[in-house]
Amino acid sequence: MDLNLKNKKVFISGSSRGIGLTIAKSFVEEGAKVVINSRNEDSLKVVTKSFSNSNSVAGDISNPEVAQKVIAKSTDILGGLDILVCNVGSGSSVKPGSETYSEWQKVFGMNFFSTTNLVEASHKFLKKSRGSIVCISSICGNDVIPGAPVTYSVAKAALNKYVKSISYPLAKDGIRINAVAPGNINFPGSSWEKKMGLDPEAVSTMLKNNVPLEQFGSPDDVAILVMLLASDIAKFMTGAVITTDGGQTRS
């Protein structure tokens, strides 16, 4: 299937490792022009050396002023913007019942404002190209996942609602916005890899009891959905949150 992504101008936040890096490589393989992003400039330099047709811009996009600067520099490099992928996020937080005001601020900054900042900074460029936005959410925003941090779950639920709500005004400017909500994704350096190393039996039991397919997903499972939603093949889709979780969530 030709997704017609060749020469598309793509910005991907949080893309120096894991899911974000796989998304970036997938777009590059399709012939797109990509700018990757992370707070760590050194890690970005290492990554951009490993594949062609890409550049990088460092910056903490949970800060709105930094997000504006990052997008301005990225659009200068790319000569515009066709696709925005909002991937910054982290499920690391305090145990349920231990929430504090500062923790709420930190987690919402990473998992919610990192997206809204980029959407607002990119609006005028995406309006010009009639572009597309894809956000990376989580099944924790769809359902109550036992043991998942409350702060993270609420932030992702807010993100899902944002995607649906903002799709209306963005559509007036010809911009589509959708999200992918992954379940348990395993990759080198992931929290699941660490848990497997500590207690593989417990992880195997979790998969057997909670995931009908009894397996982890991979970053590739997320990347293919991102590219599909970003492409013109999904031209009639906006405001959708697509789940890929091996059947874990029931609602």
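The values are calculated or read from the model by the stated rules, or taken from the named source; none is laboratory data. Remember, it's a predicted structure, so these values are computed and weren't measured experimentally. Counting neighbours? That spans all protein chains shown, and the Cβs are built from the backbone with ideal geometry, glycine included.
So here's what we get for this one:
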read-out: Single match in 231, 218 (criterion: of a type in the set (Ser, Thr, Tyr), over 28 Å from residue 104 (Cα atoms) and out of contact with any helix residue (DSSP H, G or I) (no Cβ under 9 Å at 6 or more places or on another chain)); value: 231
read-out: Scope the stretch 242-251; condition buried (at least 19 other Cβ atoms within 10 Å of the Cβ) and either in contact with a His (Cβ under 6 Å, 6 or more places away or on another chain) or closer than 12 Å to residue 179 by Cα (or both); matching residues; value: 243
read-out: Qualifying residue in the stretch 230-240 (condition: touching a strand residue (DSSP E or B) at 6+ places or on another chain (Cβ under 9 Å), over 30 Å from residue 9 (Cα atoms) and either part of a loop (DSSP other than H, G, I, E, B) or modelled with pLDDT under 90 (or both)); value: no
read-out: Residue in the stretch 170-177 that is part of a helix (DSSP H, G or I) and crowded, with 21+ Cβ neighbours inside 10 Å present; value: yes
read-out: First in the stretch 115-139 and under 18 Å from residue 19 (Cβ atoms), second anywhere and among the aromatic types (Phe, Trp, Tyr) and in a helix (DSSP H, G or I), Cβ under 9 Å, 6 or more apart; value: 115/162; 135/162; 138/152
read-out: Subset of the stretch 30-52 (residues that are small (Gly, Ala, Ser), under 21 Å from residue 6 (Cβ atoms) and either touching a residue at least 24 places away in the same chain (Cβ under 8 Å) or surrounded by 18 or more Cβ atoms within 10 Å (Cβ to Cβ) (or both)); value: 31, 32, 52
read-out: Residues (surrounded by fewer than 19 Cβ atoms within 10 Å (Cβ to Cβ), of a type in the set (A, V, I, L, M, F, W, C) and assigned to a loop (DSSP other than H, G, I, E, B)) located in the stretch 57-113; value: 94
read-out: Answer residue from the stretch 85-128, given it is within 20 Å of the chain's Cα centre (by Cα) and charged (D, E, K, R) and is farthest from residue 153 (Cα to Cα) among those; value: 120
read-out: Residue in the stretch 231-239 that is out of contact with any Gly (no Cβ under 7 Å at 6 or more places or on another chain), surrounded by 15 or more Cβ atoms within 10 Å (Cβ to Cβ) and under 29 Å from residue 98 (Cα atoms) present; value: no
read-out: Those residues of the stretch 129-165 which are more than 23 Å from residue 74 (Cα to Cα), over 17 Å from the mean Cα position of the chain (by Cα) and part of a helix (DSSP H, G or I), in sequence order; value: 150, 151, 165
read-out: Pair list, Cβ < 6 Å and 6+ apart or interchain, from the stretch 185-201 residues that are under 15 Å from residue 148 (Cβ atoms) to residues that are modelled with pLDDT of 85 or more; value: 185/217; 192/186; 195/203
read-out: Complete set of residues in the stretch 209-226 that are assigned to a helix (DSSP H, G or I) and loosely packed, with under 14 Cβ neighbours inside 10 Å; value: 209
